[in-house]
Every structure is written in structure tokens, then in C-alpha cells.
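Undergrad: Just dropping this structure here.
The values are calculated or read from the model by the stated rules, or taken from the named source; none is laboratory data. All of these numbers come straight from a predicted model, not from anything done at the bench. For neighbour counting, all protein chains shown are included, and Cβ atoms are generated from backbone atoms with ideal geometry for every residue, glycine included.
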């Protein structure tokens, strides 16, 4: 199989490339990444396969995308602007990359007749839950930030290209990922970096916002499952049933780093801050046979250890 992975120098994309070569060494991967601030080739230093090719470029580049498409069978689009805080101050770049970039990939995929297109989305497109219930694939889209709105817009374009033009497309929507190689603007590596440097960690509001956490390689395995078994035109939610409040995560990291709660600094809540996300992943489990393998306790322990053993990576510019 020949796969175009977009955003493959980022957190989840790089872990997915590593997963594929560990499991399918004969596959070919072209990694298209713009190497923005959160993408780095350091994430892929261990990839030495002759079947791997890196191309620096933007998914909005029509000429480049159309040059690459005839070389692959499948497209997996991880490329996205993803930090919610950044979307509050600079929403335009989120529309450019997440919506226009996706449109460019879809059109090129249609023109070159790729066999499968997979859009990597997020549970944030569903909006905010109360303290009961779960998001299913039938839940209405109700995004509350420019980031989640741009991802929802991309999802709707993918659906339209499947329904209107017959593009063999699938959408996956995953809960919060954690693990090695995550850019330290995200909660877990951000807090670890702050504490390593002797700084306090800012916690939005009362810290009671709830997220469902999944180990990144469980997510990669789920995308692998969708790639090989997923049904065209479907949406698959991916979650690990590991709901934690933000303050629970902070206290866990404080304990692991032998720090007290005096390192917590409560700050004004983020505008439009969703209260709770929780994914029902029964569909991918029952129809495709996937389920997470790594418990939160195992995953968070190995993740914290990885960052503590890679302080140079964590503090790189």
C-alpha cells in the first residue's frame, strides 16, 4: 500500500508513521508536512525505511498536492491547526488549513481516483456535553471554538465529496490524545515542561472540565483498523473511556514530579470552554473489532517518563 500522510511531522501523524512501519514495513509512505511551529523532523529521527519519503509543503498548495496524489493509493489527513487558544486569536489560519486545505486534498483525491481518503477529525466538533451521556456518530455537530468549527467544516466537505462525487472517504473523530512527541502547548507536556523549569501551571477556571483521554498509539491502531477494514462513507468515533478532569491530570503530574499544589495557579477561564467531552466508541469496536489496549494508568506513566527522559526535546525551540 502507498499512503500519503499529511501532517506526518506532528504529534499524532509521526506516531502513526512509526506504527505503520513497525507493523507493515513494506508499505510506502509519503509524508507531506509544512513544518509549522508544532511539526518537527526530530519526531521521525528513528524512521530509516527506504519506503519513507518526506516532502515539505502545505496541503493548500494545489500544484504540489496534485503532483503527489498519483503516487499513492490512500490519503490520511492529519494536517491541521489544532490549538484552541490559538484559534481564538487567529481564526483565519484555521480556516485556511483545516477547511481550504482539506478541500484541496479532497479535490485532488477525486481527480486522481484514490482508493480511500481518511479525514482525522476530533470529538470537539460535537460541542460540549453535560455530566451525562456520550457523543455518538449520530450526535449533531455543535462546535464552540473557531478550531472545532473549522474541523466541523472540513468534516462536512468530506461528507459532501462522498455523497455527491462518490469519493471513497471515511471520517474518524477521536478524543484527547496523549503520549510522546506531543508539542508542549498541549496540557500534559505543557504542565510537565513548566514544572521541570520550576514554574507554576495555569489551570483554567475551576479545573473541572472533563476530557476523555486516549494513548496516541491506541489512536494510531484505530486509524490503521479503519484504513484496512473501515466502510466507505462512515464515521467512526475513537475513545478510551478514560474521563478525567483537568485538575485530576494536574494533580497526577504534580505527584509524579514530587511537587505540591502550591504550583497550581488558577486563571480566568477560556472563552467558550467546553465543559465535557466523552466518546462512545461502540461502533468501531463492534463493527471493526478495535478496542484500546493501553490503560490510562499505563499510558500516563510511560508518557511522563518519556518527557522526563527527553528534556532536550521538550525544551527545544
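Undergrad: Are any residues in the stretch 211-237 part of a loop (DSSP other than H, G, I, E, B) and in contact with a helix residue (DSSP H, G or I) (Cβ under 6 Å, 6 or more places away or on another chain), and if so, which ones? Give the derivation first.
TA: As a first pass, look at the stretch 211-237 and keep what is part of a loop (DSSP other than H, G, I, E, B): 230-234.
Result: 233, single match.
Undergrad: Now for a separate question. Any idea which of (1) modelled with pLDDT of 95 or more; (2) within 20 Å of residue 154 (Cα to Cα); (3) under 21 Å from the mean Cα position of the chain (by Cα); (4) part of a helix (DSSP H, G or I) is the one residue 20 doesn't satisfy?
TA: (2)
Undergrad: Counting residues that are at pLDDT below 90, which helices (runs of 4 or more DSSP H) fully inside the stretch 263-317 reach at least 1?
TA: Working: elements: 282-288, 296-308, 311-314.
Because the criterion is at least 1 residues that are at pLDDT below 90, the helices (runs of 4 or more DSSP H) in the stretch 263-317 that meet it are 311-314.
Undergrad: Inside the stretch 56-88, can you point out the residues that are modelled with pLDDT of 95 or more, surrounded by 15 or more Cβ atoms within 10 Å (Cβ to Cβ) and not in a loop (DSSP other than H, G, I, E, B)?
TA: 64, 65, 68, 69, 74, 75, 76, 77
Undergrad: Taking the condition of being under 27 Å from residue 142 (Cα atoms), surrounded by 21 or more Cβ atoms within 10 Å (Cβ to Cβ) and either without any contact (Cβ under 8 Å) to a residue 40 or more places away in the chain or out of contact with any helix residue (DSSP H, G or I) (no Cβ under 7 Å at 6 or more places or on another chain) (or both), how many residues in the stretch 279-307 meet it?
TA: The number of residues fulfilling the criteria is 1.
Undergrad: Could we say that residue 95 is over 16 Å from the mean Cα position of the chain (by Cα), closer than 19 Å to residue 59 by Cα, modelled with pLDDT of 95 or more and in a loop (DSSP other than H, G, I, E, B) here? Please lay out each step first, then the result.
TA: Working: over 16 Å from the mean Cα position of the chain (by Cα): yes; closer than 19 Å to residue 59 by Cα: yes; modelled with pLDDT of 95 or more: yes; in a loop (DSSP other than H, G, I, E, B): no.
It is false that residue 95 is over 16 Å from the mean Cα position of the chain (by Cα), closer than 19 Å to residue 59 by Cα, modelled with pLDDT of 95 or more and in a loop (DSSP other than H, G, I, E, B).
Undergrad: Just one of the numbered conditions (1) surrounded by fewer than 21 Cβ atoms within 10 Å (Cβ to Cβ); (2) outside any helix (DSSP H, G or I) is not true of residue 240; which one?
TA: The failed condition is (1).
Undergrad: If you don't mind, there's one more thing I want to ask. Among 53, 124, 137, which is at negative phi and either assigned to a helix (DSSP H, G or I) or under 16 Å from the mean Cα position of the chain (by Cα) (or both)? Please lay out each step first, then the result.
TA: Working: 53 fails: either assigned to a helix (DSSP H, G or I) or under 16 Å from the mean Cα position of the chain (by Cα) (or both); 137 fails: either assigned to a helix (DSSP H, G or I) or under 16 Å from the mean Cα position of the chain (by Cα) (or both).
Testing whether each residue is at negative phi and either assigned to a helix (DSSP H, G or I) or under 16 Å from the mean Cα position of the chain (by Cα) (or both) leaves just 124.
Undergrad: Further question on the same structure: Give 210, 267, 216 a once-over and let me know the one that is touching a residue at least 40 places away in the same chain (Cβ under 8 Å) and farther than 21 Å from residue 145 by Cβ.
TA: On the way: 210 fails: farther than 21 Å from residue 145 by Cβ; 267 fails: farther than 21 Å from residue 145 by Cβ.
When all the criteria are applied, what remains is 216.
Undergrad: Another question, if that's okay. Go through the stretch 12-23 and give me each residue that's buried (at least 16 other Cβ atoms within 10 Å of the Cβ) and over 18 Å from residue 177 (Cβ atoms).
TA: 21
Undergrad: Considering only the stretch 182-210, how many residues are part of a loop (DSSP other than H, G, I, E, B) and either at pLDDT 95 or above or surrounded by fewer than 23 Cβ atoms within 10 Å (Cβ to Cβ) (or both)? If you could, list the steps in order and put the result at the bottom.
TA: Kept after step one, since they are part of a loop (DSSP other than H, G, I, E, B), are these residues of the stretch 182-210: 182-186, 197-200, 205-209.
Pick out the ones that are also either at pLDDT 95 or above or surrounded by fewer than 23 Cβ atoms within 10 Å (Cβ to Cβ) (or both) and you get 183-186, 197-200, 205-209.
Counting residues in the stretch 182-210 that are part of a loop (DSSP other than H, G, I, E, B) and either at pLDDT 95 or above or surrounded by fewer than 23 Cβ atoms within 10 Å (Cβ to Cβ) (or both) gives 13.
Undergrad: Another question about this same structure. Would you confirm whether any residue within the stretch 31-38 is assigned to a helix (DSSP H, G or I), closer than 12 Å to residue 80 by Cα and out of contact with any strand residue (DSSP E or B) (no Cβ under 6 Å at 6 or more places or on another chain)?
TA: Within the stretch 31-38, the first condition is being assigned to a helix (DSSP H, G or I), and the residues that meet it are none.
Among the residues of the stretch 31-38, not one is assigned to a helix (DSSP H, G or I), closer than 12 Å to residue 80 by Cα and out of contact with any strand residue (DSSP E or B) (no Cβ under 6 Å at 6 or more places or on another chain), which makes the answer no.
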